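Working notes, structure below.
The values are calculated or read from the model by the stated rules, or taken from the named source; none is laboratory data. These numbers were taken from a predicted model, which means no experiment stands behind them. Cβ placement follows ideal geometry from the backbone for every residue including glycine, while neighbour counts extend to all protein chains displayed.
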Amino acid sequence: MTIPATNMNIKLPEPTLHRLPWYLAYVKLVQAQGIEYISSTQISKAINVDASQIAKDLSFVNISGKTRVGYEVDSLVYVLEQFLGFTSQHRAIVYGVGRLGAALMHDSGLAQYGLEIVAGFDIRQLPQNNINGIPVYNITEFAQKRAELNAHIGILTVPVEKAQEATDNMVENGIRAIWNFTPYRLRVPENIVIQNTSIYAHLAVMFNRLGNVE
């Protein structure tokens, strides 16, 4: 396998960043079948993204295909995993261990993509002091435990009325990036990374489009 150099400092357009994991998921399936080369046209047919768009997206990650052959599959998997940060371990905490927070702590697949949940925090006293082997602490211990665990990503799964208060606490105590599962638009300093994943917003889009095709 030829290992091309990667540039982790490239700032990609957000739509491209959203598409790269699609390419990786499909190419890993192809890799498991023992296929050595794949073209953007083949990827396009499988995931319904225009081949020229795929080629443009992949040009950002410093890998090029061979004429009439395509991309070397092993190299493409390696480069995408490196570029997307899936090969490094990023330590995270869950802030709000309700049903959604607990479900994320049970999701062992996240670790395969570089996200290691090392603790949960909640205002309530839970019946058990761990979920899936991951310790759960009271919110009052957040500052101390966050520092001990050296976690810099916070997964926010609290009720919407507590979202800003929880965010302020995390930022004040060393969290640098927040994966926000609430529908609340958080206010944070410019140096804090926010990734919003609002289930309700996605539902609204789906329902709206479903209504338009009925």
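Please find, among 71, 95, the residue that is under 24 Å from residue 176 (Cβ atoms) and in contact with a Ser or Thr (Cβ under 9 Å, 6 or more places away or on another chain). Full working, then the answer.
Values: 71 fails: under 24 Å from residue 176 (Cβ atoms).
Among 71, 95, only 95 is under 24 Å from residue 176 (Cβ atoms) and in contact with a Ser or Thr (Cβ under 9 Å, 6 or more places away or on another chain).
The combined condition, being modelled with pLDDT of 95 or more and either part of a loop (DSSP other than H, G, I, E, B) or out of contact with any Pro (no Cβ under 9 Å at 6 or more places or on another chain) (or both), is not fulfilled by residue 61.
Among residues of region 170-214 being out of contact with any helix residue (DSSP H, G or I) (no Cβ under 6 Å at 6 or more places or on another chain), among the aromatic types (Phe, Trp, Tyr) and without any contact (Cβ under 8 Å) to a residue 40 or more places away in the chain, the one that is nearest to residue 101 (Cα to Cα) is 200.
Listed by first and then second residue, the pairs linking a residue in region 1-26 that is farther than 22 Å from residue 66 by Cβ and among the polar types (S, T, N, Q) to a residue that is modelled with pLDDT of 80 or more and in a helix (DSSP H, G or I), with Cβ atoms under 6 Å apart and 6 or more places separating them unless they lie on different chains, are 16/57. Looking across 131, 123, 155, one residue alone is at pLDDT 95 or above and in the same structural domain as residue 105 (by TED's automatic domain parsing). It is 155.
Listed here are the residues, each with its yes/no results for (1) within 21 Å of the chain's Cα centre (by Cα); (2) at pLDDT 95 or above.
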{"site": "3", "(1), (2)": "no, no"}
{"site": "6", "(1), (2)": "yes, no"}
{"site": "31", "(1), (2)": "no, yes"}
{"site": "40", "(1), (2)": "no, no"}
{"site": "83", "(1), (2)": "yes, no"}
{"site": "93", "(1), (2)": "yes, yes"}
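When 110, 100, 115 are checked against the criterion of being touching a residue at least 40 places away in the same chain (Cβ under 8 Å), surrounded by 13 or more Cβ atoms within 10 Å (Cβ to Cβ) and within 30 Å of residue 28 (Cβ to Cβ), a single residue qualifies: 100. Across region 125-168, the number of residues qualifying as surrounded by 13 or more Cβ atoms within 10 Å (Cβ to Cβ) and touching a Ser or Thr at 6+ places or on another chain (Cβ under 7 Å) comes to 3.
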